[in-house]
Amino acid sequence: MSAVLKIRGLRKSYTRHLLGGRRLDVLRGVDLELERGTCTVLTGPSGSGKSSLLRCIYGSAVADDGSIVYRDGMDEIDICAADERTILSLRRMHIGLATQFLAVVPRVGALDLVCELGLERDEGARLLRTLGLADEHFGVPPATFSGGQRQMLNLALILARPRPLLLLDEITASLDARRKRTAYEALLERKRTGVTILAVSHEVPDLPGLVDRLVTMEDGRVVA
Amino acid sequence: MTPVLALHDVTVRYPAGNYGCREISFDVFPGEVLGIVGESGSGKSTVLACANLDLVPTEGSVEILGRDVSRTRGAERRKLRAQALGIVYQTPQQGLDLAVTAGGNIAERMFGAGHRSYRVVRERARSLHAAMELPCDRFDVAVRTFSGGMRQRVQLAKALATSPPLLLLDEPTSGLDVSVQAKTLDLIRRIQRDHGLAMVIVSHDLAVIRMLADRVIVMREGRIVERGLTDQILGDPQHPYSQLLVASQLT
């Protein structure tokens, strides 16, 4: 087995200059390895650093210390030391992040959003249908979608581009049981093709075969 | 790869001794969108004016497609502007002749770039006019009678008329109501994607920046205080001023 991602001694703090420079230590030395084609679920109390960890991996938060090495074939890239363009290109080709919030683009319909990422119309339509979005919603800008529909579109957007590492931050939080199952099945299908998944979730997906490993964080550290 | 636009240590000092901007360096590659944020008076528009060759830096240089053009003048500068640069100003009267028709404004730029066939120019101007979702029956009407949102779209059509690789946008949606703003932003986003344009967008509206820019520069008192990926600057700003800026935004 080969590790797609190796995190060593990762530290992250937020300095609140508006609060007199108060420093919050959110990651206090995290070590974690993700094997290719596995699904890891990250749990732990709110504020334990789960989302900050995902954001450091995605490059949307700046780590203080440590390394996050992404491996693609023979190439290794330390995301903590990478420049902006390297991270942008990693995001295009390798690492996807989905959160529970959908960044809405005005006037652009759901199907157009998915197809902008490189899918043909019929592939995009198939993906949206698989995730339970009805045809009559394809042309509708997602600003008017319900919470559940937005989350499914979010998932569609992250699945639309084939990327080997997916970071998911509570993407099934507000879904009903049926939609959750649909989402888990879509993820399992990806995992079977070799995609690595790291998901922050308060509940562990119950779909057999999906989750390989549970990691618990507490107070900025991996505890189990 | 050669950057479409590169500024190297650009400083603008006015005769009175005050600074417009100080030691500004950045580059923009084909297809990249760079956002510049900062409060009024922080030097954002000065930087854009240097990029548009409206202003000659006191020190430093501006390169377009790998060539130092900061001190070009006259006909050469006009030609470069027509071929390589498109700009949308915050106030339409800066970029348009309001007494002239929409078609005339768009055509003027094409004639400036060396087009000679009246028929070709008129056809292209018409298709750009339509692509910017401007009503067909207003093509031969003076821009003076246009609404703010329509004027901005005429500016966009004009900027695109010569298919430049670089588009500069100075607060392109400020002062527009939300639905017109959404339409304008959607058009800008589509243009950028369809043509793989390099873009520099100045805005104090962080939502606009979030939607359009890959990378962001934060300016204060003429200097760059922080730079990074858009979601990093907006989600994990490091500099005290960036934190203030992000915290001040209504969301």
Failed criterion for B:Arg215 (all others in (1) surrounded by fewer than 19 Cβ atoms within 10 Å (Cβ to Cβ); (2) in contact (Cβ under 8 Å) with a residue 60 or more places away in the chain; (3) under 30 Å from B:Arg13 (Cα atoms); (4) not aliphatic (A, V, I, L, M) hold): (1)
Residues that are of a type in the set (A, V, I, L, M), over 17 Å from the mean Cα position of the chain (by Cα) and not in a loop (DSSP other than H, G, I, E, B), drawn from the stretch B:55-98: B:Ala75
Criterion first (touching a Gly at 6+ places or on another chain (Cβ under 8 Å), within 14 Å of chain B (Cβ to nearest Cβ) and modelled with pLDDT of 95 or more) does A:Lys12 satisfy it? yes
Filtering the stretch B:184-207 for residues that are out of contact with any strand residue (DSSP E or B) (no Cβ under 6 Å at 6 or more places or on another chain) and either surrounded by 21 or more Cβ atoms within 10 Å (Cβ to Cβ) or aromatic (Phe, Trp, Tyr) (or both) leaves a count of 5
Look through B:Gln181, B:Gln238 and report the one residue that is surrounded by 16 or more Cβ atoms within 10 Å (Cβ to Cβ), in a loop (DSSP other than H, G, I, E, B), out of contact with any Leu (no Cβ under 6 Å at 6 or more places or on another chain) and facing another protein chain (nearest Cβ under 10 Å). B:Gln238
Which of the following residues is closer than 28 Å to A:Arg213 by Cβ, within 14 Å of chain B (Cβ to nearest Cβ) and modelled with pLDDT under 95: A:Ala103, A:Ala98, A:Ala61? A:Ala98
Please specify each residue of the stretch A:137-174 satisfying the condition of being among the β-branched types (Val, Ile, Thr) and surrounded by 19 or more Cβ atoms within 10 Å (Cβ to Cβ). A:Ile158, A:Ile171, A:Thr172
Within the stretch A:81-91, is even one residue crowded, with 17+ Cβ neighbours inside 10 Å, within 12 Å of chain B (Cβ to nearest Cβ) and within 27 Å of A:Gly139 (Cα to Cα)? yes
At least 3 residues that are in contact with a helix residue (DSSP H, G or I) (Cβ under 9 Å, 6 or more places away or on another chain) in each: list the strands (runs of 3 or more DSSP E) lying fully within the stretch A:23-116 that qualify. A:39-43, A:65-72, A:95-98
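The values are calculated or read from the model by the stated rules, or taken from the named source; none is laboratory data. All of these numbers come straight from a predicted model, not from anything done at the bench. All Cβ positions, glycine included, derive from the backbone under ideal geometry; neighbour counts span all protein chains shown.
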